[in-house]
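The values are calculated or read from the model by the stated rules, or taken from the named source; none is laboratory data. These figures come from a predicted structure and were not determined experimentally. Cβ atoms come from the backbone with ideal geometry, glycine included; neighbour counts cover every protein chain shown.
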Amino acid sequence: MTTWIKLSFIASTVAILTGCGGGGDGSNVTNTDPQGLWTGVASTGYTVNTAVLETGETWGIYSSGSTIYGALYGSAVVNGASVSINGTDFNFVTNRSTSGNLTGTVQAKSSMSLSGNGVTVPLTYQSSYDTPATAANAMGTWSFVGRSGAYTLIPGAITIDSNGRFVLNQTNCITTGSIVPRSGSKNIYNITLSSIGSGCAVGQSTLTGVTHIDTSVTPNKLLALALTPNKSDGLIVIGTKQ
């Protein structure tokens, strides 16, 4: 299979200031903490699910129903209540990656309003982010749909054991992986995938990324995005617990 997202971005980390004295001009500035899970409907009509981690690293998926239309990866920086997210958007409709910048405002654990590249994205904070991830919530059998930029996975199912491990067998491809809670008592898991075989969607490679499990709905839903170390390939999965 051909490779996936041609993602190139300038990585940066965010400094979350909780006290005074953060302003570069010597003024007292308290920066809003943008971390969390944010969901909304963009002006394009797509549902956007975005996770901003405590480091400012930003992961996103946009979809409509069970159809995945694209991925987002970048970094968030805040200045007071202003937020700027720099990174890359890969659109599966056009099969093009676009580097860009979204800017706007954020209210901690409430709302984020972003615009840029001709798109507006109003986002609402999801309180499920503050429910600690657990191995028990990940364990079980999940049906899934997924894709890369050039390939749609055969819909199937994976069974995750009590240690977060799973194995997926597809045509000419075996993928082993794990989904384990991140530190920090938030509802974000680390995901690692290693694939072997001639028919793998992103070749024979090891991918790492993040997963969110929404336990507020029945059946539970899973969203996962994992990328290669150089951020040039990756895989998106939407799962439903059986």
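Below are the figures for this structure:
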{"read-out": "Counted residues, the range 183-237 - those being over 23 Å from residue 98 (Cα atoms) and touching a residue at least 12 places away in the same chain (Cβ under 8 Å)", "value": "29"}
{"read-out": "Residue in the range 119-129 that is of a type in the set (Gly, Ala, Ser), under 18 Å from the mean Cα position of the chain (by Cα) and surrounded by 13 or more Cβ atoms within 10 Å (Cβ to Cβ) present", "value": "yes"}
{"read-out": "Filter result (in a strand (DSSP E or B), polar (S, T, N, Q) and free of Cβ contacts under 8 Å to residues at least 60 places away in the same chain) within the range 77-121", "value": "79, 82, 84, 91, 98, 101, 103, 105, 111, 113, 115"}
{"read-out": "Some residue of the range 223-238 being at pLDDT below 95 and among the basic types (Lys, Arg)", "value": "yes"}
{"read-out": "Residue check, residue 48 among the aliphatic types (A, V, I, L, M), surrounded by 20 or more Cβ atoms within 10 Å (Cβ to Cβ) and not assigned by TED's automatic domain parsing to the domain that holds residue 147", "value": "yes"}
{"read-out": "Strands (runs of 3 or more DSSP E) wholly inside the range 157-231 that include at least 3 residues being over 30 Å from residue 109 (Cα atoms)", "value": "165-170, 173-181, 189-196"}
{"read-out": "Residue match in the range 130-153 (condition: outside the structural domain of residue 207 (by TED's automatic domain parsing) and over 28 Å from residue 180 (Cβ atoms))", "value": "no"}
{"read-out": "Residue that is modelled with the lowest pLDDT, among those in the range 156-165 that are crowded, with 18+ Cβ neighbours inside 10 Å and of a type in the set (Val, Ile, Thr)", "value": "158"}
{"read-out": "Criterion (in contact with a Lys or Arg (Cβ under 9 Å, 6 or more places away or on another chain), closer than 13 Å to residue 235 by Cβ and surrounded by 13 or more Cβ atoms within 10 Å (Cβ to Cβ)) met by exactly one of 168, 153", "value": "153"}
